[in-house]
Amino acid sequence: METAFAELPLALFTTLAPIGANAFIVLFIAAFAGKLNEDQLKKLDKFSAVPAVVVLVGFIASIFHMANPAGAIGVLSHIGTSPLSNEICAGIVFVIAMAVYVIMALAGKLGEGARKGLLAAVSVLAIVFTIFCGMAYMMATIISWNTPFTIIQVLGFGLVGGSALGSLTLALAGVLEDALKAARIAVIAVAVIGAVLAACGLIGMIVTVGGMTNGTTTGAALTSGVTMYAACSVICVLASAIVVALQKGTAALPAIATVLAVIGVFVGRLVFYALQMSVGISMM
């Protein structure tokens, strides 16, 4: 696991940015459920800055991975041919849409139609961005990452973490109880789907890598060193989903769910980076 900490900025980015982005899905669900009055929706608008800040902190963390941050602009010239370029492009598009919604929300300029339309767009772009975060790691030279399990786990982590952070945002705005009256099943569905995808993606990756080998190491040697951490990650994300399902109208349980999700996702991302195996000399 020591080598994984060399990728700490990216681990923070792929933990925080997808969690913050997918939290807007819960805000979208709450706005469309129809149980919140205009005053409550305006309160929710004000607290939309919470997941936005989490997203921005994630993006700031990613900058520290770059030797020359200005080089990110040049990467955009390879959109369509480079997974990294596609990820950056998807991230920029999402952040722009998120910024438009949050700025208008904080300014109190959102009517019902604009709020629903922007939240719908931001939610869709959040999922697209999260998927591209996973696709950025699918490269032929790193055989342990070049599997569908990479995308599955990143998307799952984003959804389960987003369901927790989104619920916490509703609680901070004082509208969680009323929102859950109409949207509990939908919020729980996001959490459960995310937890299942995260667990399956991480476990599937470990099983797959365990059967790989190259000229210098074996997948079994890599997986033996991360099994305990992977179990911790899976337990935390499953526990987070359970807490989301049990939450009431206060901020206590959503806060616990968010902490569990962040811990579980971050540890899971470190496991992912620790399982880096190149093509090497030969492959089975």
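Here is how the numbers come out for the structure above:
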{"item": "Within the chain: Cβ-based charge dipole about Cα centre, in debye rounded to nearest 20 (Lys, Arg +1; Asp, Glu -1)", "result": "480 debye"}
{"item": "Per-residue [θ]222 nm for the chain (sum of -39500 (n - 2.57) over DSSP H runs n ≥ 4, rounded to 500)", "result": "-25500 deg cm²/dmol"}
{"item": "Farthest positive-ward along the chain dipole, Cα basis, beta-carbon charges - from 48, 19, 208", "result": "48"}
{"item": "Two-site label geometry, residue 107 and residue 53: point separation in nm, points 7 Å out along Cα→Cβ", "result": "2.2 nm"}
{"item": "Residue 46-residue 124 pseudo-label distance in nm [points 7 Å out on the Cα-to-Cβ vector]", "result": "3.1 nm"}
{"item": "Length released on extending from residue 60 to residue 185, taking residue separation times 0.36 nm less the Cα-Cα span", "result": "41.6 nm"}
{"item": "Per-selection Kirkwood Rh - the stretch 190-243 (Cα, Å, 1 d.p.)", "result": "11.9 Å"}
{"item": "Per-selection metrics, the stretch 81-240 (Cα): Rg and Dmax in Å", "result": "18.7, 61"}
{"item": "Computed over the stretch 114-209, the ratio Rg/Rh where both radii use C-alpha atoms and Rh is Kirkwood", "result": "1.08"}
{"item": "Accessible surface of residue 208 - all protein chains present, 1.4 Å probe, nearest 10 Å²", "result": "50 Å²"}
{"item": "Gain upon complete extension [residue 248, residue 114; 0.36 nm per residue less C-alpha separation]", "result": "45.4 nm"}
{"item": "Carbon/sulfur fraction of accessible area - the chain, other protein chains in place, 1.4 Å, %", "result": "75 percent"}
{"item": "Placed amide H near residue 139: partners under 5 Å, 5+ positions off or other chain", "result": "146"}
{"item": "Distance histogram in 5 Å bins (all Cα pairs of the chain, percent per bin)", "result": "1, 6, 13, 17, 17, 16, 12, 8, 5, 3, 1, 1, 0"}
{"item": "Accessible area, probe 1.4 Å, largest first, for residues 38, 112, 7", "result": "112, 38, 7"}
{"item": "Mean accessible surface per residue for the stretch 101-202, computed with a 1.4 Å probe while every protein chain stays in place, in Å²", "result": "35 Å²"}
{"item": "Accessible-area value, residue 224, 1.4 Å probe, nucleic acids and ligands omitted, Å²", "result": "80 Å²"}
{"item": "Solution diffusion estimate, µm²/s, Stokes-Einstein, the stretch 163-284, Kirkwood Rh from C-alpha pairs, 37 °C, viscosity 0.692 mPa s", "result": "210 µm²/s"}
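The values are calculated or read from the model by the stated rules, or taken from the named source; none is laboratory data. Not measured: the values here are computed from a predicted model. Neighbour counts run over all protein chains shown; Cβ positions are idealised from the backbone, glycine included. Note: accessible area is taken over every heavy atom of the protein model, side chains too, but ligands, DNA and RNA are not part of it. Shrake-Rupley method; radii C 1.70, N 1.55, O 1.52, S 1.80 Å.
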